[in-house]
1. Just to verify a result, which residue in segment 67-84, among those that are without any contact (Cβ under 8 Å) to a residue 40 or more places away in the chain and closer than 18 Å to Pro132 by Cα, is least open to solvent (accessible area, probe 1.4 Å)?
2. Please pick out the residue among Pro58, Pro64 that is without any contact (Cβ under 8 Å) to a residue 12 or more places away in the chain, of a type outside the set (D, E, K, R) and loosely packed, with under 11 Cβ neighbours inside 10 Å.
3. Please pick out the residue among Thr67, Thr89 that is among the β-branched types (Val, Ile, Thr), under 17 Å from the mean Cα position of the chain (by Cα) and farther than 28 Å from Pro115 by Cα.
4. Has segment 31-52 got at least one residue that is within 24 Å of the chain's Cα centre (by Cα), in a loop (DSSP other than H, G, I, E, B) and either modelled with pLDDT under 50 or not charged (D, E, K, R) (or both)?
5. Collect the residues in segment 112-145 that are open to solvent by 60 Å² or more (accessible area, probe 1.4 Å) and more than 17 Å from the chain's Cα centre (by Cα), keeping them in residue-number order.
6. Please list, ordered by first then second residue, the pairs with beta carbon atoms under 9 Å, 6 or more apart or interchain, first in segment 125-141 and assigned to a helix (DSSP H, G or I), second of a type in the set (D, E, K, R).
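The values are calculated or read from the model by the stated rules, or taken from the named source; none is laboratory data. Since the structure is predicted, the reported quantities are computational estimates derived from the model, not experimental observations. All Cβ positions, even for glycine, are placed from backbone atoms using ideal geometry, and neighbour counts span all protein chains on display. The protein model used for the area step is the full one, side chains on, heavy atoms only, and it has no ligands, DNA or RNA in it. Shrake-Rupley method; radii C 1.70, N 1.55, O 1.52, S 1.80 Å.
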Amino acid sequence: MTADDPAAIHRQSIRTDLSLPYQDPEQRETSPNTLHRYARRDAEPFLAAHLPPDEPLPLPDLTPYLTALAMAETPAEVSAVTRRLVEATTPVLDHIAGHFVAIALWAGHEHRHTPQAVRLLRDAAHGVRLAPAQVTQADLENLRAHYTPPAVGPDEDRAVQPAAARPRSLGPSAASGPPRSRR
């Protein structure tokens with residue numbers, strides 16, 4: 001240690017025992033386990049007064065959806081199960097995402113989240129809210145592939161088209177609308 005190294009003089013005056021989460025400025029990476037250990041230690045008085053549940057939340061029973069999905073034989077049946085599952089789970093996912101946003105907006109008396117932490121929390125909330133929309137989009141893609149006949153150019157032979165895409169007779173027994181699924 002020399003007078004030319006002010007950091008060395010400054011380090012001498014800082015407590016470096018385990019009761020203070022000191023970090024050497026040259027070594028900015030503290031392990032997640034160490035950070036959580038410090039946070040648990042510092043939050044003990046708070047948790048004694050405001051104890052949230054320690055066990056995981058109960059999982060919803062998805063057995064009826066999985067059973068119905070296993071029995072589904074057509075894209076329409078899979079879509080019906082998918083829509084019901086999305087409708088049933090979206091409120092819970094929105095509720096969880098709202099809590100992530102609340103964490104992102106938190107600001108204590110002497111502390112605010114870092115910009116990176118706020119971005120990560122908002123991205124997490126967005127991802128949770130985006131999941132049902134993505135499932136719905138995938139469902140629509142499957143239905144579109146099933147019900148929409150492929151485009152046929154003027155030079156293509158209609159004889160090689162799938163049965164669902166071939167023109168049907170327009171007699172009185174012809175169903176209106178897109179083709180129905182066959183079992």
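1. Taking segment 67-84 as the starting set, the residues that turn out to be without any contact (Cβ under 8 Å) to a residue 40 or more places away in the chain are 67-72, 80-81, 84.
Narrowing further to those that are closer than 18 Å to Pro132 by Cα: 69, 80-81, 84.
On the way: Leu69: 78, Ala80: 40, Val81: 24, Arg84: 164 Å².
Selected residue: Val81.
2. Details: Pro64 fails: loosely packed, with under 11 Cβ neighbours inside 10 Å.
Just a single option satisfies the conditions, and that option is Pro58.
3. Numbers: Thr67 fails: under 17 Å from the mean Cα position of the chain (by Cα).
Only one candidate passes the filter, namely Thr89.
4. yes
5. Arg112, Thr114, Pro115, Gln116, Leu140, Glu141, Asn142, Arg144, Ala145
6. Pairs found: Val128/Asp94; Arg129/Asp94; Pro132/Glu87; Pro132/Asp94; Thr136/Arg83; Asp139/Arg83.
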